[in-house]
1. Pick from Ser203, Ser65, Ser156: which residue has the top mean-square fluctuation in a GNM of the chain where Cα pairs under 10 Å get a spring?
2. Hey, what angle do you get for helix 119-133 against the long axis of the chain, alpha-carbon based, 0 to 90 degrees rounded to 10?
3. Within straight cross-link reach of Lys56, meaning Cα distance under 30 Å, which lysines are found once same-chain residues fewer than 8 apart are removed?
4. What angle do you read, to the nearest 10 degrees and between 0 and 90, between the alpha-carbon axis of helix 41-51 and the longest principal axis of the chain?
5. May I ask for the distance between the Cα centers of segment 61-138 and segment 238-256, given as a whole number of Å?
6. Any idea what the relative contact order of segment 7-249 is, in percent, if you count C-alpha pairs under 8 Å spaced at least 6 apart?
7. Assuming R0 = 22 Å, what is the FRET efficiency of Glu49 and Arg98, from their Cβ-Cβ distance, to the nearest 0.05?
8. Which cross-chain or sequence-distant (5 or more) residues have an amide H under 5 Å from the amide H of Ile60, H modelled 1.01 Å from N in plane?
Amino acid sequence: MSTPRPTALITGARRGIGKAIALGLAQAGFDVAINDLAASAELDATVAEAGALGVKAAAITGDVSATGSHERILDQAEEALGPLTTLINNAGVSVMNRGDLLDVTSESYDRCQSVNTRGVFFLTQAFARRLLKRQRPVELHHSIVTITSANAIGVSINRGEYCVSKAGASMVSKLFAVRLSNDGSGVYEIQPGFIETDMTAPSKARYDKLIADGLTVIKRFGTPEEVAKIAVTLATGGLPYTTGQAIAADAGLLTVRY
């Protein structure tokens, strides 16, 4: 009997870091369920690109902040691919407006919490319940990887609500790492720093100058593909005897220097 293929659901993956992770996993032999908020030509193109790598690829639409949709999202992913081995929590939003911490609105705060923290917690919970209910092939690594941010640790007072939400998501990862530690599932976190995406484009010129002046150790923006390499390593069990680790893909941004 042939070894079953690993399968992954990647949230918020029509472009940017999520897309790079989906394609990286497909290149590594994963069947992939590529989630986004709504159907679009861009989502279809990403699915087609993944499928062209010789694996199954499916578009799964749904809002991760709507906890009532989680079972449907997981059901549709498994109907398309079979039992999932991997969840990549990538979907996220930034602040509605950058500005003074004293001007943060409850609407922007709640939006960040809803998508970046609450959605991650309950989708991870729903996925973990599925893992624990079924027999799993021992030859396949089962994992949950959450993409947070360097702002889970580093303070950025012009987008405080985002920092709070990512710090919460970081704790979600640690909690589930401990809960699932004896059940054969690895739970990890990646904390990207300055990565070239549509989300960072509005502030890139400003940070390019700060990076050139020494803000980071490696003096450039990172790429989604570089984050994807880390996610693929984790999802394939490339870091054995580890769980709960937070890996900073931040060019040394958070490295203490003096």
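1. Maximum fluctuation in the GNM of the chain, among the listed residues, is at Ser203.
2. 20
3. Answer for Lys56, where 30 Å is the Cα cut-off: Lys19, Lys133, Lys229, listed by chain and number.
4. Its long axis makes an angle of about 50 degrees.
5. After rounding, the separation between the Cα centres reads 22 Å.
6. Result for segment 7-249 is 20 percent.
7. On the way: r = 32 Å, r/R0 = 1.46.
Efficiency at R0 = 22 Å is approximately 0.10.
8. Sorted by chain and number, the residues that satisfy this are Ile34, Asn35, Asp36.
Readers should treat all values here as calculations from the given coordinates under stated rules, not as data from a laboratory. In this text the structure is predicted, and so the values were computed from the model without any measurement. So basically every Cβ, Gly included, is an ideal-geometry build from the backbone, and we count neighbours across all protein chains shown.
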